[in-house]
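Enquirer: This is the structure I have questions about; it appears just below.
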Amino acid sequence: MELRSKKNNNIHSKLVGYFTKNGKMTKSRSIIIGAIVNASRSLDFKAIDVIFRIVRALAVVVDLRTVKIRRNVFTVPVPVNSSRRDYLIVKKLSKAINENKSRINLEKKLTQEFLNILKNKSTKSVVERDFVLKESAKNKSNTHYRW
């Protein structure tokens, strides 16, 4: 499979690391690869294209941080580097999966999330990304508090 041959596939490795519980890395790897393969089969994409499209759909270039200055708390948009961006994508995916209370296994939940993102449906991870973008646009006047 093409995912195993790509050693620099950062999102895949971060997903595997994030979903690993009790040292069961092979189990988490098989769940994630199964979800990516299921999504690629149902949409007729390559597996690596599924990952790239998800990254493009969920990536943000700014993050919100709170800064306390003289007893006032400001929300400040801060630029994000690539490794932090990858982590935020994985965090949004996992948060959306954890909020899904249906009684299906993790692979099916992950597949559903991937399919909804790729079909441009409104999912919790996309809503969270849009919220961050709106708030950063609203608070861009506070960028001078960044440093």
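Enquirer: Measuring from a point 7 Å past the Cα of residue 145 along Cα-to-C-beta, which residues in segment 59-74 have an amide N at less than 14 Å?
Expert: Residues 64-74 fall inside that zone.
Enquirer: Right, another one. I need the chymotrypsin sites (Phe, Trp or Tyr not before Pro) found in segment 36-129, filtered to DSSP loop residues with at most 11 other beta carbons within 10 Å of theirs. Walk me through the numbers before you get to the answer.
Expert: Values: sites: 45, 52, 74, 87, 114; in loops: 45.
Passing both the DSSP loop test and the Cβ count: no residue.
Enquirer: Another one. To the nearest Å, what is the center-to-center distance of segment 100-114 and segment 42-59, using C-alpha atoms only?
Expert: Cα centroid of segment 100-114 versus Cα centroid of segment 42-59: 17 Å apart.
Enquirer: For a label point 7 angstrom out from the Cα of residue 138 toward its Cβ, which stretches of segment 58-93 have the backbone nitrogen within less than 20 Å?
Expert: Answer for segment 58-93: 60-69, 72-79.
Enquirer: Fully extended, how many nm does the chain gain between residue 91 and residue 20 (0.36 nm per residue separation, minus their Cα-Cα distance)?
Expert: On the way: separation 71, 0.36 × 71 = 25.56 nm, distance 1.36 nm.
Full extension of this stretch gives 24.2 nm more.
Enquirer: Another question, then. Tell me the relative contact order for the chain as a rounded percent, counting alpha carbon contacts under 8 Å between residues six or more apart. If you can, show how the numbers build up before the last one.
Expert: Numbers: 154 pairs, mean separation 41.1, N = 147.
About 28 percent, as a whole number.
Enquirer: Could you give P(r) for segment 29-104, binned at 5 Å from zero, as whole percent values over all Cα-Cα pairs?
Expert: All Cα pairs, binned at 5 Å, distribute as 3, 13, 15, 19, 17, 12, 8, 5, 3, 3, 1, 0 percent.
Enquirer: What translational diffusion coefficient, to the nearest whole µm²/s, does segment 34-74 have by Stokes-Einstein, given a Kirkwood radius computed over alpha-carbon pairs, a temperature of 10 °C and 1.306 mPa s viscosity?
Expert: Working: Rh = 13.0 Å.
Estimated diffusion coefficient is 122 µm²/s.
Enquirer: Turning to a different aspect of this structure: Each residue of segment 100-106 in turn: what ³J(HN,Hα) in whole Hz from Karplus with 6.51, -1.76, 1.60 and θ = phi - 60°, glycine and Pro shown as x?
Expert: Taking θ as phi minus 60°, the curve returns 6, 9, 5, 8, 10, 6, 5 Hz for segment 100-106.
Enquirer: How far apart, in nanometres, would the label points at residue 119 and residue 52 be if each is projected 7 angstrom from Cα along the Cα-to-Cβ direction?
Expert: Taking the two extended label points, one gets 2.4 nm.
Enquirer: For the chain, evaluate the Debye formula with one uniform point scatterer on each Cα (no solvent term) and list log10 I(q)/I(0) at q = 0.10 Å⁻¹, rounded to two decimals.
Expert: At q = 0.10 Å⁻¹ the computed log10 ratios are -0.40.
Enquirer: Then there is this: Which value, in Å², gives the accessible area per residue of the chain when a 1.4 Å probe is used on the protein heavy atoms? Please report the intermediate quantities before stating the final value.
Expert: Working: 9480 Å² over 147 residues.
Normalised by residue count, the accessible surface of the chain is 65 Å².
Enquirer: On average over all directions, what projected area in square nanometres does segment 12-61 have, based on the convex hull of its Cα atoms? Walk me through the intermediate numbers first.
Expert: Details: hull surface 15.1 nm².
About 3.8 nm², averaged over all directions.
Enquirer: Count charges around residue 79 for me, please; just the other residues with Cβ under 9 Å from its Cβ, Lys/Arg as +1, Asp/Glu as -1. Numbers along the way, then the final one.
Expert: Numbers: positive: 146; negative: 63.
Summing Lys/Arg as +1 and Asp/Glu as -1 gives 0.
Enquirer: So which trypsin sites (Lys or Arg not before Pro) in segment 1-95 are both in a DSSP loop and have at most 14 other Cβ atoms within 10 Å of their Cβ? The partial results should precede the final answer.
Expert: Working: sites: 4, 6, 7, 14, 21, 24, 27, 29, 41, 46, 53, 56, 65, 68, 70, 71, 84, 85, 91, 92, 95; in loops: 6, 7, 21, 24, 46, 70, 71.
Here the sparse-neighbourhood loop sites are 6, 7, 21, 24, 46, 70, 71.
The values are calculated or read from the model by the stated rules, or taken from the named source; none is laboratory data. For clarity, every value in this text was computed on a predicted model and none was experimentally measured. Neighbour counts are summed over all protein chains in view; Cβ atoms, including those assigned to glycine, are modelled from backbone coordinates with ideal geometry. Ligands, DNA and RNA are stripped out before the accessible areas are found, and what is left, the full protein with its side chains, is counted by its heavy atoms. Shrake-Rupley method; radii C 1.70, N 1.55, O 1.52, S 1.80 Å.
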